Amino acid sequence: MIRQETRTTPIAGDEQILGILTRRQFTFPHTTLRQALDATIKEVGCCPDAIARALEWLQIDWEQPIGRLRRTELTQLARSIHRFWRQNASIADPQNA
């Protein structure tokens, strides 16, 4: 019997994304949200489309400094990114949904 291997991209949890955003908020508060999220994409491998959809849905400005966001806004952003990322992954690979 041959075992079929499927390649899936591991999706970071919303708590992990929140931790990364919180760390960036405290270490580089004057960087724009766009720069912080670009670094997050490189670090975790988030889907850029999911990030764009989350920012549009929450109506957050890309050019706003990350240090100006409240904890609740960061939490909502992390959860939204995770949700849209999971949704994009399930559309891309319906067998693993």
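The values are calculated or read from the model by the stated rules, or taken from the named source; none is laboratory data. Computed from a prediction, not measured in an experiment: that's the story for all the values here. Reconstructed Cβ throughout: ideal geometry from the backbone, glycine too, with neighbour counts over all protein chains shown. In case anyone asks, the SASA skips ligands and DNA or RNA and just uses the protein heavy atoms, side chains included. Shrake-Rupley method; radii C 1.70, N 1.55, O 1.52, S 1.80 Å.
Restricting segment 11-72 to GluC sites (Glu not before Pro) that sit in a DSSP loop and have at most 14 other Cβ atoms within 10 Å of their own Cβ leaves GLU63. Label separation (THR32 vs GLN87): 2.5 nm, computed from points 7 Å beyond Cα along the C-beta direction. Panel note: the C-alpha atoms of segment 30-86, placed on their principal axes, show extents of 28, 21, 16 Å (largest first).
A 1.4 Å probe over all protein chains sorts ARG79, ARG34 by accessible area into ARG79, ARG34, starting with the largest.
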